[in-house]
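*Asks:* One structure follows; several queries about it will come next.
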Amino acid sequence: MAMSYYPKEGGTLWSDLSTEVVIHTLEVYSRFSFDFPYPTAISLNAGFLGGMEYPMITFNGPRTTLQDDGSRTYSLAEKRFLIGVVIHEVGHFYFPMIVNSDERQWTWMDEGINSYLDSVAGREWDAEIPWGVEPRYIVDYMVSQTQVPIMTQSDSVLRLGPNAYSKPATAINILRETIMGRELFDFAFKEYSLQWEFKRPTPADFFRTMEEASGIDLDWFWRGWFYTTDHVDISLNRVYEMRMDTENPDIDYARQRETEKALPPSLYIQRNREEGRQTWVERNTDVRDFYDDNDQFTVTNKERNSYNSFLEGLEDWEREVLDRAVSEDLNYYILELSNEGGLVMPVILEMEYVDGSTEEMRLPAEIWRKNATQVKKLIVSQNELLSVAIDPMQETADADIENNYYPRRIIPSRIESFKSEGGGSLIGRDVMQDIKTELKTDEDDEQDN
Amino acid sequence: MKMMSRTTSLSTILLRGRPRTALLAPLTLLCCLMPGLSAAHEQKTAVTRILFNESTGNIEVMHRFFIHDAEHAAGVVFGEAQNLMESADSRKFFSNYVINRFAIAAEDSGGETTQLNLEYVGEEIEGQFLWVYQEAKQLKDLSALSVVHVALRDIWPDQANLVNVEKDGQIYSLSFADSVESLRVEL
Ligand SMILES: [Zn+2]
C-alpha cells in the first residue's frame, strides 16, 4: 500500500501529489528492475530541507507556506522539489535497500544508479519539468581540476554531490541513450537488478553484469567515466576534400589544369598589366615556340598508351570497380578528429550538404581503439559537403562546443547571450503578478493624456 | 504492484509549537539539518565560472545555483518565503545576497592587490538552475586572483561551491568546502 503521512503544513502539496508520486515511482522502478516485494511504501513529511530513505519509508522535506488569509501556498520550485525528492527517496527502496550495495564504501552505487533511475521516472512523470541530468550540466564539474574519480572509496571522495550523484547518473543516462541503446541497456540493467536483488553487489559486479548481459565490451566506458577524471572534448580540426583519380590522362590532366587555373593570379603580374607594361614575349612574338602552346598538362599518346595497358592489366572485377567509381564521381572527405578531453566517446556527426540535406552518422567509440588522441575518418558522399557538427544534440557532455563545428562558429558566452537577448529570458517574467494587469481601453488613454 | 491502493492523509502529524515568526526561521532550519541526509538530485552545490572573455575585454562571473536551494536560502535570509521562479523581485533579492557574498581581489606582478569592481549584470533561470551574472573590466597586469565565496555557505555548513577560472584555454579550480572562505590562484 502506498501511503503518505503529513501534518497540515503539507497542505495540498502533499494531499494531491505525494502518494501519486510514490505509486508512479514503484511502477517505473519495478518496470526497470523487479516487482516491489514489500507490503507498504510510505512518504512522510519531515519538514527539513531534503529527504532521507529507509526500507519502505522515506522522510521528505517540502511544506507549504501559510499566508495571511489563512491559505497555504507553495512555489513551483517547491512543487518540483517534492516530486523529485519523493521519487528519489522511494527509489532507494530498490537501490540500495534491496539491491544492497554498500553505500559507506561506494556511495555512487546507490546514489548514482538511483539518480539515474529517478531521472527516468521524473521524465515519465512530467516531461515539462527540467530534471537536470542533461549531460551539459555536468561539464563544469568534469573540467574542474579538483576531482577524484567516481571509483574512490567514499570516505576519500571530494564533493560527494557531483561525484556520487550527478556524474554517475549522467554517465548511466549516456550509456543507455548514446552507447548501448535503450533495448540492450534496459535488458542488462534489469538483469543486474534481478541477479543482485537481496545480495551485496560491488562495483565490479555492476560493471561485469552490464557487459555480460548485453554482450558489449564496456571496459573503455567504465575506465573513462568511473576510473579517471578526464572529461569529454572531441574536436573536429580539419576537413580535407579529395577527388578520386580516374587514371585516364585525358580526364585527370584536364582536371589538374583546372585546379591550377583556380588559384588566384599573380598580384605582381596583374600590377604590371595595370601599368600597361607588355612583356618581351608579347612584344616579340617570333620568340614563341612549342611550349607556349603546350603546358605540363598536355596529354600525349605516351600517357594514353600506358593508361590502356593499365586497363588491360586489370582483372574483370577490378575494371568493374574502377568503372563504377569513375561513373559515380563521388565526393571524398577526410575528417581529422582529436580527443582533447581524454575521455574516449563515440563521435556523433551531423553533416550538412550544399543541397540543404543533412545526415547523421554515429561512429562508435571503437574508432579510438588504435589511437586514443587522434583519428581520421573518410566520408564518401554523392552530395557536396557544406559543414559538419559534432554532437549536435549535446548528448555526450562535450565540454568545448566551439571546436565541434567545421567551419568554426562563434559561440557567445552566457553573459554575452544574456545581454543580446535584452537581459533575461521570458521565463523571468512574473506571470502570476502580470496576469492581474487590466487591459487598457481608448478611454484610459484619453484620460492619461 | 497489485497490493497498492491510494491512501492519502492516512495519519496526520501535528507539530506543536512550531515557530512561525520570521526571525526564528533560520534557526529552525539549521536545527533540522541532519548529517548524512540523502538529498534528492544533487543539491547544496553551486558552480561559478570566471571567464576571461577576450572578445569583450571583460572578466565574466557566472554563478549557477539550484533554484530550490536558492529559494530556501532567500527565505532564510529575507525572513519570508520567496518564489524565485514566479517573482522577479525574489530573484533580485537573491542576486543581491550572492553579490554581497562573493568578491575577487586581483594581484599584479608587483604583489599589489586591488578588489575588482564587479558589476551586477542580471540573473536568469535555466531548467532547474538560477544563474547570477557579474562582470568587471580586465586588468592589464594580473598574476593572481583571490576569491571569496560564502554564498549559501553562511546558511548551510555542507554547501560546497566550485569555482572554475577559465583563462587562455586553461582551467583553474577552487573548491569552497568545509570552513574555507577564501582561496587564491596564480594565473
Ligand atoms: Zn539518495
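The values are calculated or read from the model by the stated rules, or taken from the named source; none is laboratory data. Model, not experiment: these values are computed from the prediction. No Cβ is skipped: glycine too gets one built from the backbone with ideal geometry, and neighbour counts run over all protein chains shown. Accessible surface areas use protein heavy atoms only, side chains included; no ligands, DNA or RNA. Shrake-Rupley method; radii C 1.70, N 1.55, O 1.52, S 1.80 Å.
*Asks:* Among the numbered conditions (1) loosely packed, with under 15 Cβ neighbours inside 10 Å; (2) away from chain A (no Cβ under 11 Å), tell me where B:Phe93 comes up short.
*Replies:* (1)
*Asks:* So, one more: Filter the stretch A:175-202 down to residues that are over 25 Å from the mean Cα position of the chain (by Cα) and either crowded, with 20+ Cβ neighbours inside 10 Å or assigned to a helix (DSSP H, G or I) (or both), then give me how many there are. Before you say what the answer is, go through the steps one by one.
*Replies:* Going through the stretch A:175-202, the residues over 25 Å from the mean Cα position of the chain (by Cα) turn out to be A:191-202.
Retained after the next criterion (residues that are either crowded, with 20+ Cβ neighbours inside 10 Å or assigned to a helix (DSSP H, G or I) (or both)): A:191-196, A:201.
Residues in the stretch A:175-202 being over 25 Å from the mean Cα position of the chain (by Cα) and either crowded, with 20+ Cβ neighbours inside 10 Å or assigned to a helix (DSSP H, G or I) (or both): 7 in total.
*Asks:* Go over the candidates A:Leu26, A:Leu13 one by one and state the one that is open to solvent by less than 10 Å² (accessible area, probe 1.4 Å), more than 10 Å from chain B (Cβ to nearest Cβ) and more than 16 Å from the ligand (Cβ to nearest atom). Before the answer, list the steps.
*Replies:* Numbers: A:Leu26 fails: more than 10 Å from chain B (Cβ to nearest Cβ).
A:Leu13 is the lone residue from the list that is open to solvent by less than 10 Å² (accessible area, probe 1.4 Å), more than 10 Å from chain B (Cβ to nearest Cβ) and more than 16 Å from the ligand (Cβ to nearest atom).
*Asks:* If A:Pro96 passes every condition in (1) without any contact (Cβ under 8 Å) to a residue 24 or more places away in the chain; (2) within 14 Å of the ligand (Cβ to nearest atom); (3) on the phi > 0 side of the Ramachandran plot but one, which one does it miss?
*Replies:* In the conditions (1) without any contact (Cβ under 8 Å) to a residue 24 or more places away in the chain; (2) within 14 Å of the ligand (Cβ to nearest atom); (3) on the phi > 0 side of the Ramachandran plot, A:Pro96 misses (3) alone.
*Asks:* Quick one: in the stretch A:393-426, which of the residues that are among the β-branched types (Val, Ile, Thr) and in contact with a strand residue (DSSP E or B) (Cβ under 8 Å, 6 or more places away or on another chain) is nearest to the other protein chains (Cβ to nearest Cβ)?
*Replies:* Of the residues in the stretch A:393-426, the ones among the β-branched types (Val, Ile, Thr) are A:396, A:401, A:410-411, A:415.
Imposing the further condition that a residue be in contact with a strand residue (DSSP E or B) (Cβ under 8 Å, 6 or more places away or on another chain) reduces the set to A:396, A:415.
Details: A:Thr396: 18, A:Ile415: 5 Å.
Ranking the qualifying residues of the stretch A:393-426, first place goes to A:Ile415.
*Asks:* Moving on. In the list A:Ile334, A:Ile367, which residue meets the criterion of being in a strand (DSSP E or B), open to solvent by 30 Å² or more (accessible area, probe 1.4 Å) and not charged (D, E, K, R)? Outline the logic, then answer.
*Replies:* Numbers: A:Ile367 fails: in a strand (DSSP E or B).
Only one candidate passes the filter, namely A:Ile334.
*Asks:* Could you check the stretch A:35-92 and list, in sequence order, the residues that are free of Cβ contacts under 8 Å to residues at least 24 places away in the same chain and within 16 Å of the ligand (Cβ to nearest atom)?
*Replies:* Across the stretch A:35-92, the qualifying residues are A:Ala46, A:Phe48, A:Leu49, A:Ile57, A:Phe81.
*Asks:* When you scan the stretch A:320-342, do you find a residue that is touching a helix residue (DSSP H, G or I) at 6+ places or on another chain (Cβ under 7 Å), among the polar types (S, T, N, Q) and touching a residue at least 40 places away in the same chain (Cβ under 8 Å), even just one?
*Replies:* Within the stretch A:320-342 (the criterion being touching a helix residue (DSSP H, G or I) at 6+ places or on another chain (Cβ under 7 Å), among the polar types (S, T, N, Q) and touching a residue at least 40 places away in the same chain (Cβ under 8 Å)), the answer is yes, since at least one residue qualifies.
*Asks:* So, one more: Can you name the residue in the stretch A:99-114 that is open to solvent by 10 Å² or more (accessible area, probe 1.4 Å) and within 12 Å of the ligand (Cβ to nearest atom) and is also nearest to A:Pro201 (Cα to Cα) among such residues?
*Replies:* Applying the filter and picking the extreme gives A:Glu103.
*Asks:* Regarding A:Arg123, is this residue away from the ligand (no atom under 14 Å from the Cβ), open to solvent by 10 Å² or more (accessible area, probe 1.4 Å), charged (D, E, K, R) and more than 11 Å from chain B (Cβ to nearest Cβ)? Spell out how you get there, then give the answer.
*Replies:* Numbers: away from the ligand (no atom under 14 Å from the Cβ): yes; open to solvent by 10 Å² or more (accessible area, probe 1.4 Å): yes; charged (D, E, K, R): yes; more than 11 Å from chain B (Cβ to nearest Cβ): yes.
For A:Arg123, the condition - away from the ligand (no atom under 14 Å from the Cβ), open to solvent by 10 Å² or more (accessible area, probe 1.4 Å), charged (D, E, K, R) and more than 11 Å from chain B (Cβ to nearest Cβ) - is met.
*Asks:* Then there's this: Which ones in the stretch A:112-141 are acidic (Asp, Glu), within 24 Å of B:Thr48 (Cβ to Cβ) and part of a helix (DSSP H, G or I)? Let's see the steps before the verdict.
*Replies:* Within the stretch A:112-141, the first condition is being acidic (Asp, Glu), and the residues that meet it are A:118, A:124, A:126, A:128, A:134, A:140.
Narrowing further to those that are within 24 Å of B:Thr48 (Cβ to Cβ): A:134, A:140.
Scanning the stretch A:112-141 gives a single hit, A:Asp140.
*Asks:* Just checking, how many residues over the stretch A:62-74 are out of contact with any helix residue (DSSP H, G or I) (no Cβ under 6 Å at 6 or more places or on another chain) and at negative phi?
*Replies:* First pass over the stretch A:62-74, keeping only residues out of contact with any helix residue (DSSP H, G or I) (no Cβ under 6 Å at 6 or more places or on another chain): A:65-71, A:73.
Imposing the further condition that a residue be at negative phi reduces the set to A:65-69, A:71, A:73.
Of the residues in the stretch A:62-74, 7 are out of contact with any helix residue (DSSP H, G or I) (no Cβ under 6 Å at 6 or more places or on another chain) and at negative phi.
*Asks:* If you go through the stretch B:68-90, how many residues are open to solvent by 10 Å² or more (accessible area, probe 1.4 Å) and touching a residue at least 40 places away in the same chain (Cβ under 8 Å)?
*Replies:* Number satisfying all stated conditions: 8.
*Asks:* Still on this structure, I have one more. Kindly list, by first and then second residue, each pair from a residue in the stretch A:106-118 that is closer than 22 Å to A:Glu27 by Cβ to a residue that is charged (D, E, K, R), limited to pairs with Cβ atoms under 7 Å and residues at least 6 apart or on different chains.
*Replies:* Once the first residue is closer than 22 Å to A:Glu27 by Cβ and sits in the stretch A:106-118, its partners that are charged (D, E, K, R) give A:Asp110/A:Glu103.
*Asks:* Is there a residue in the stretch A:244-256 that is charged (D, E, K, R), under 30 Å from A:Val388 (Cβ atoms) and assigned to a helix (DSSP H, G or I)?
*Replies:* Yes, the stretch A:244-256 contains a residue that is charged (D, E, K, R), under 30 Å from A:Val388 (Cβ atoms) and assigned to a helix (DSSP H, G or I).
*Asks:* Consider B:Leu116 against the criteria (1) open to solvent by 40 Å² or more (accessible area, probe 1.4 Å); (2) out of contact with any helix residue (DSSP H, G or I) (no Cβ under 8 Å at 6 or more places or on another chain); (3) within 21 Å of B:Asn58 (Cβ to Cβ): it satisfies all of them except one. Which criterion is unmet?
*Replies:* Evaluating B:Leu116 over (1) open to solvent by 40 Å² or more (accessible area, probe 1.4 Å); (2) out of contact with any helix residue (DSSP H, G or I) (no Cβ under 8 Å at 6 or more places or on another chain); (3) within 21 Å of B:Asn58 (Cβ to Cβ) leaves (1) as the failure.
*Asks:* Here are A:Ile87, A:Ile98: which of them is within 29 Å of A:Gly10 (Cβ to Cβ) and within 9 Å of chain B (Cβ to nearest Cβ)?
*Replies:* Working: A:Ile98 fails: within 9 Å of chain B (Cβ to nearest Cβ).
A:Ile87 is the lone residue from the list that is within 29 Å of A:Gly10 (Cβ to Cβ) and within 9 Å of chain B (Cβ to nearest Cβ).
*Asks:* Of A:Asp110, A:Asp140, which residue is more than 13 Å from A:Tyr165 (Cβ to Cβ), modelled with pLDDT of 95 or more and within 12 Å of chain B (Cβ to nearest Cβ)? Quick ask: steps written out before the conclusion?
*Replies:* On the way: A:Asp110 fails: more than 13 Å from A:Tyr165 (Cβ to Cβ).
Testing whether each residue is more than 13 Å from A:Tyr165 (Cβ to Cβ), modelled with pLDDT of 95 or more and within 12 Å of chain B (Cβ to nearest Cβ) leaves just A:Asp140.
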